[in-house]
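S.K.: Can you read through this structure? Questions will come right after.
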Amino acid sequence: MEENGLPAAEPQGEKQNNPIVEFLLNILRGAAIGVAFIIPGFSGGSVAAILGIYEKLVGSVADLFKHFKSSILFLLPILIGLVLGVAALILPIQWGLAHFPIPTVSLFVGLALGGLPSVTEKVKGRPKWTHIAALLVPLAFAIFLCFLPNAGEKDLLNLNFGGYLLLVLIGAVGACALVVPGISGSMLLLIFGYYTPLVELLTGHLLQGMDVGVSLLVFACAGIGVIAGFFGISVLMKFLLKKFPKGTYFAIIGFIVGSIPAVYTSVIRETGNMLMTDPWYFVAAAALFLVGAALSFTLVYFARKRGKREE
């Protein structure tokens, strides 16, 4: 059910939540979405779907001007959390990806797959052939992205006017990938040759007070594209979730599952194919995968129990 074009309202029990607690929870959800954007191959949309806030997120963005107050109250803590998550964890995650890439991404792959039941419960019942197609086509497309060659890395400190306009377009593409579950904005940036230069500009220049003016201009152009793309794809996803909810969730599952090999492919590319031969390296990767899967599955399990108690 929808009210005034917005996604379905929260269950009756959620309305009774302490608004301060809900605000803090949304900050944590935003941080998780921000962390997903840092890791090549991961999608913020996948995290939002696993956390159970995807429909409300795209509905709030799409109806920002139509239902401004309620949308802002929902989006603001998520945005705060996203910024805090990126700021707090970009350096540790980059260190982990540089020194222990496979174990690092395995933890997040485990988190993604362990939380997948929160998405699969949206597609209960016997699927139609159209639902199967909606699953397989996005799955194949996500895997196909693994085989796209990377472009050469861009020099963001010496762009001309056309280069800055291209940054706006790249930001829009990255935002679309951020909203669509299973399609990673960071992976697309990696393919287009912008991921490493942007990270280096943030961590090696802007945060250290070097080339501040140029760095701010680069991020401002990319930011304009991100905002435009985010609004555009949110309107589209809201329409699809309203008209074809089950098929859309089958497509989301296909994107998420298909993105798993893309995660490893992207990280191996980014780290120069740095694979360890020590078996303990892969034992650590398997252990972290299991830890991540157990943690997210436990969170989904208790979220379900809480939801049933509040109904």
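Values in this text are rule-based calculations from the coordinates and carry no lab data. Here the structure is a predicted model, which means the values were calculated and not measured. Neighbour counts are summed over all protein chains in view; Cβ atoms, including those assigned to glycine, are modelled from backbone coordinates with ideal geometry.
S.K.: Filter Lys69/Lys243; Lys69/Lys124; Lys154/Lys242; Lys128/Lys238 down to the pairs with a C-alpha to C-alpha distance above 32 Å, please.
M.R.: Long pairs (Cα-Cα over 32 Å): Lys69/Lys124; Lys154/Lys242.
S.K.: Throw me the Rg/Rh for segment 14-310, computed over C-alpha atoms with Kirkwood Rh, two decimals.
M.R.: 0.96
S.K.: Which ³J(HN,Hα) values, rounded to whole Hz and listed in residue order, are derived for segment 59-74 from phi using the Karplus coefficients 6.51, -1.76 and 1.60 in 6.51 cos²θ - 1.76 cosθ + 1.60 with θ = phi - 60°, glycine and proline given as x?
M.R.: Along segment 59-74, the couplings run x, 5, 5, 5, 9, 4, 7, 7, 10, 4, 5, 5, 5, 5, 4, 7 Hz.
S.K.: Which distance in nm do the two modelled labels at Leu240 and Ala228 give, with both placed 7 Å along the Cα-to-Cβ direction?
M.R.: 2.1 nm
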